[in-house]
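Undergrad: Just dropping this structure here.
The values are calculated or read from the model by the stated rules, or taken from the named source; none is laboratory data. Values in this document were obtained by computation on a predicted structure and should not be read as measured data. We place every Cβ from the backbone using ideal geometry, glycine too, and count neighbours over all the protein chains shown. What goes into the accessible areas is simple: the full protein's heavy atoms, side chains included, and nothing from ligands, DNA or RNA. Shrake-Rupley method; radii C 1.70, N 1.55, O 1.52, S 1.80 Å.
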Amino acid sequence: MVIKRDGTSVIFDRSKIITAVRKANAAVDAPDQVTEAQMEAVAAAVESRNRQRVLVEDIQDIVEQKLMEMGKYALAKAYIIYRYTRALVRKANTTDDSILSLIRAQNKDVMEENSNKNAATAATQRDLIAGEVSKDLTRRVLLPEKISKAHDEGSIHFHDADYFLQPIFNCCLINIGDMLDNGTVMNGKLIESPRSFQVACTVMTQIIAAVASSQYGGQSVDIGHLGKFLRRSSEKFTKQLAEEVGDALDETTRQKIVAVRLRDELRSGVQTIQYQINTLMTTNGQSPFVTIFMHLREEDPYVEENAMIIEEVLRQRLQGIKNEKGVCVTPAFPKLIYVLDDHNCLQGGRFDYLTRLAVQCSAKRLYPDYISAKKMRENYEGNVYSCMGCRSFLTPWKNEKGEYQFEGRFNQGVVSLNLPQIGIIAKGDETVFWQLLEERLELCYEALMCRHNALKGIRSDVSPVHWQYGAIARLGKGEVIDPYLMDGYSTISLGYIGLYEVTKVMRGVSHTDPAGLEFSLEIMRRMREATERWKAATSISFGLYGTPAESLCYRFARIDKERFGTIADVTDKGYYTNSYHVDVRENIDAFSKFTFESQFQCISSGGAISYVEIPNMRHNLDALEDVVRFIYDNIQYAEFNTKSDYCHVCGYDGEIMINDDFEWECPQCHNSDHARMNVTRRTCGYLGENFWNVGKTKELKARVLHL
């Protein structure tokens, strides 16, 4: 397979080499020409490399080298001129094929890259078309050639090149408290501080939508900022009731009426958040990628109100949202993160009832994920705060008042490292491995600095909601954002894929084996040391990030299999394991998995999450509660995946069958549109095509790739 400059693959065609040499041949005198046999020899020299995957530039380099070896210097020069001329033609436009195939629904790589986008709709296609143009300019013009080449070869992954052309960053923690308390501006209209809970919920969703339209990564909001507005509503209802009835009612009756009105406002406000987020469409063609952070703080004067809000959020998530068929399904957004602390860790705390509700919600709807306040305080200087979106964590930072600040901060971008490829090239030689790791880390550093430098000099006008009206800052018009890129205010992330596979390549065992554990931890330490070294040299806050890899696990593995062939338990699986995670095929229980992976989370402080695959446990919640108790004491950030299947059409909750046409089929309503079924497999993040096994007895058995 030949990898073209736009990243697409085509089958090797030796006639194209001969055609190019012929055209160069015609441009030189007879003594400098080569014969047809020599042309064939040049093409054979390329074929003799016997590589499963080669870049088109490498082919051209080989041709030039062979012509020089034949002493045909004038011809080699003519070929170089021909090659340069062709490059100029390519630079005129290299996006036609990718864009047209996208419109025709034939560009699977682009259409399946983000599972939250419906690539069939015109609005989403508009964003994807712009993304193809951005990727093209990024590859050809904006990035150094060696960075583009390393990305194409799968040595590194330069994330989100489809947005690199624009002056926008990755993800953030919205300073929602400041925007609600002090007001904001959207579309040139002043929005003052809300006077009730319902209005506060509406304003919050408007802010979320505006923020999502001017960045490409996820965002998080701390729902604890809404507690004061629920109290304002309570005070408003109390005052209204006094005006309505005077002294006609006793105090107990008054309180009951106010409580009923408040509960109705609470339900409506939370419903506004849920439905607005799931029905709004941002300018990048999807619902806002937002996470709601739920942490009850004992010192919070509105802790009781916030407990009520969290309870309602969980109840509504447990109920689900009705789809077009009227069936309650699990909404994609907002993501939910629930913090376990001393008062709600199922060890006799006064808010344990909320955690039991959260467990029910996890069993049926997968969310919330869980953060242990106890473990997080150990890793982040005593602080507990949300990640940005789902995974990326800020580093602790103090403002000019000497206070820790997390809201209003952001991540500049991500570059990920392909660890298994380093091991494959090193062929078991650890001296070579460590040297190559350092070289690849420096390559990642250069790529990350490209992300950083692309944001320098950007003025606040590019996104007023971020830079002028409080989501990140309150700069004046025309001010540059540069101070927010430096001195630890924002982060920039080094991701990594395949710690399990690289340990298998180098040590022949899993990183869960004592013989592989120390090696894998040393890799983690060296990557972490590299980020600390870069931070000291630049005053930019680099972080080591356990990437939520999604399709990257598949991409790296596919590239390496094409380049290096099938390697047992490495490239033969079709995927690499996400970051430091235990491979899904290892026989390990949930408690042991969390215990093992927790030692990697503290090193990967720029972002890390661990998950376990569980059966359908709605009828065994006690066991799930045991796992939640264990999370609190043993691991910072965890989530559950479930093996239960769920039909989005009729709501059937059971095993989805395979029909004679090798399609998912619901046994209740016989829907066979598997794209609309929640056949949940989040273990490795694979988002591509599902494959089927057919047993020797012709019994059909479904499996999702990687499991």
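Undergrad: Identify all residues within region 437-467 that are of a type outside the set (A, V, I, L, M, F, W, C) and either closer than 22 Å to Met524 by Cβ or not in a helix (DSSP H, G or I) (or both); write none if there are none.
TA: Scanning region 437-467 gives Glu438, Glu439, Arg440, Glu442, Tyr445, Glu446, Lys456, Gly457, Arg459, Ser463.
Undergrad: Could you check how many residues of region 179-226 are touching a residue at least 60 places away in the same chain (Cβ under 8 Å), more than 14 Å from Val290 (Cβ to Cβ) and open to solvent by 40 Å² or more (accessible area, probe 1.4 Å)?
TA: Qualifying residue count, region 179-226: 3.
Undergrad: In addition: Answer with yes or no whether Ala24 is open to solvent by 20 Å² or more (accessible area, probe 1.4 Å) and at pLDDT 85 or above.
TA: No: the conditions fail for Ala24.
Undergrad: Determine whether Tyr554 is under 29 Å from Leu55 (Cα atoms), outside any helix (DSSP H, G or I) and either touching a residue at least 24 places away in the same chain (Cβ under 8 Å) or open to solvent by 20 Å² or more (accessible area, probe 1.4 Å) (or both).
TA: Criteria not met by Tyr554.
Undergrad: Of the residues Glu299, Glu304, Glu244, only one is within 27 Å of Ile472 (Cα to Cα) and either open to solvent by 40 Å² or more (accessible area, probe 1.4 Å) or without any contact (Cβ under 8 Å) to a residue 60 or more places away in the chain (or both); which?
TA: After ruling out the rest, the residue left standing is Glu299.
Undergrad: If a residue has to be of a type in the set (Ser, Thr, Tyr) and in a helix (DSSP H, G or I) to count, how many in region 468-494 make the cut?
TA: 1
Undergrad: I would also like to ask the following. In region 398-435, how many are open to solvent by 50 Å² or more (accessible area, probe 1.4 Å) and of a type outside the set (Asp, Glu)?
TA: Selection size over region 398-435: 8.
Undergrad: Also: For the structure I just gave you, tell me whether Gln271 is surrounded by fewer than 17 Cβ atoms within 10 Å (Cβ to Cβ) and closer than 23 Å to Pro331 by Cβ.
TA: yes
Undergrad: Further question on the same structure: In region 343-353, what count of residues is obtained for those that are within 16 Å of Ile631 (Cα to Cα), surrounded by fewer than 24 Cβ atoms within 10 Å (Cβ to Cβ) and in contact (Cβ under 8 Å) with a residue 40 or more places away in the chain?
TA: Summing the residues that are within 16 Å of Ile631 (Cα to Cα), surrounded by fewer than 24 Cβ atoms within 10 Å (Cβ to Cβ) and in contact (Cβ under 8 Å) with a residue 40 or more places away in the chain in region 343-353 gives 4.
Undergrad: Let me ask something else about it. Does Ile567 meet the test of being part of a loop (DSSP other than H, G, I, E, B), touching a helix residue (DSSP H, G or I) at 6+ places or on another chain (Cβ under 8 Å), open to solvent by 20 Å² or more (accessible area, probe 1.4 Å) and closer than 12 Å to Thr512 by Cα?
TA: Considered against the rule, which asks whether it is part of a loop (DSSP other than H, G, I, E, B), touching a helix residue (DSSP H, G or I) at 6+ places or on another chain (Cβ under 8 Å), open to solvent by 20 Å² or more (accessible area, probe 1.4 Å) and closer than 12 Å to Thr512 by Cα, Ile567 comes out as no.
Undergrad: Can you find a residue that is open to solvent by 20 Å² or more (accessible area, probe 1.4 Å) and of a type in the set (Val, Ile, Thr) anywhere in region 513-534?
TA: No: zero hits.
Undergrad: For Thr547, are the conditions met, namely being open to solvent by less than 10 Å² (accessible area, probe 1.4 Å) and not in a helix (DSSP H, G or I)?
TA: Values: open to solvent by less than 10 Å² (accessible area, probe 1.4 Å): yes; not in a helix (DSSP H, G or I): yes.
Taking the combined requirement at face value, the residue satisfies it.
Undergrad: Please give the number of the condition Val34 fails out of (1) over 15 Å from Ile11 (Cα atoms); (2) in a loop (DSSP other than H, G, I, E, B); (3) open to solvent by 50 Å² or more (accessible area, probe 1.4 Å).
TA: Condition (3) is where Val34 drops out.
Undergrad: Condition first: open to solvent by 10 Å² or more (accessible area, probe 1.4 Å), assigned to a helix (DSSP H, G or I), under 25 Å from Gln215 (Cα atoms) and without any contact (Cβ under 8 Å) to a residue 12 or more places away in the chain. Can you find one or more residues in region 279-290 that meet it?
TA: So far as region 279-290 goes, yes, one or more of its residues are open to solvent by 10 Å² or more (accessible area, probe 1.4 Å), assigned to a helix (DSSP H, G or I), under 25 Å from Gln215 (Cα atoms) and without any contact (Cβ under 8 Å) to a residue 12 or more places away in the chain.
Undergrad: Which of (1) crowded, with 19+ Cβ neighbours inside 10 Å; (2) within 30 Å of Asn453 (Cβ to Cβ) is the odd one out, the single condition Glu153 does not satisfy?
TA: Every listed condition holds for Glu153 apart from (1).
Undergrad: Within region 577-590, is even one residue at pLDDT below 65 and on the phi > 0 side of the Ramachandran plot?
TA: Scanning region 577-590 turns up no residue that is at pLDDT below 65 and on the phi > 0 side of the Ramachandran plot.
Undergrad: Could I ask something else about it? Give region 489-499 a look and list any residue that's of a type in the set (Ser, Thr, Tyr) and open to solvent by less than 10 Å² (accessible area, probe 1.4 Å), or say none.
TA: Residues satisfying the conditions are Ser490, Thr491, Ser493, Tyr496.
Undergrad: On the basis of being touching a residue at least 24 places away in the same chain (Cβ under 8 Å), closer than 24 Å to Ile337 by Cα, of a type in the set (A, V, I, L, M, F, W, C) and surrounded by fewer than 24 Cβ atoms within 10 Å (Cβ to Cβ), does Cys361 make the cut? Break it down stepwise before answering.
TA: Details: touching a residue at least 24 places away in the same chain (Cβ under 8 Å): yes; closer than 24 Å to Ile337 by Cα: yes; of a type in the set (A, V, I, L, M, F, W, C): yes; surrounded by fewer than 24 Cβ atoms within 10 Å (Cβ to Cβ): yes.
Here the answer is yes, as Cys361 does meet what is asked.
Undergrad: Give me the residue from region 478-488 that is under 13 Å from Thr538 (Cα atoms), touching a helix residue (DSSP H, G or I) at 6+ places or on another chain (Cβ under 9 Å) and not small (Gly, Ala, Ser) and, out of that set, least open to solvent (accessible area, probe 1.4 Å).
TA: Leu485
Undergrad: Further question: Show me the strands (runs of 3 or more DSSP E) found entirely inside region 165-263 where at least 2 residues are at pLDDT 95 or above and closer than 28 Å to Arg451 by Cβ.
TA: Correct list: 171-173, 219-222.
Undergrad: Can you pull out every residue in region 508-527 that is among the hydrophobic types (A, V, I, L, M, F, W, C) and either modelled with pLDDT of 95 or more or not in a helix (DSSP H, G or I) (or both)?
TA: Residues satisfying the conditions are Val509, Leu517, Phe519, Leu521, Ile523, Met524, Met527.
Undergrad: Within region 575-613, count every residue that is out of contact with any Gly (no Cβ under 9 Å at 6 or more places or on another chain) and open to solvent by 10 Å² or more (accessible area, probe 1.4 Å).
TA: Counting residues in region 575-613 that are out of contact with any Gly (no Cβ under 9 Å at 6 or more places or on another chain) and open to solvent by 10 Å² or more (accessible area, probe 1.4 Å) gives 18.
Undergrad: Which of the residues spanning region 134-161 are of a type in the set (Asp, Glu) and either part of a loop (DSSP other than H, G, I, E, B) or without any contact (Cβ under 8 Å) to a residue 40 or more places away in the chain (or both)?
TA: Glu145, Glu153, Asp160, listed by residue number.
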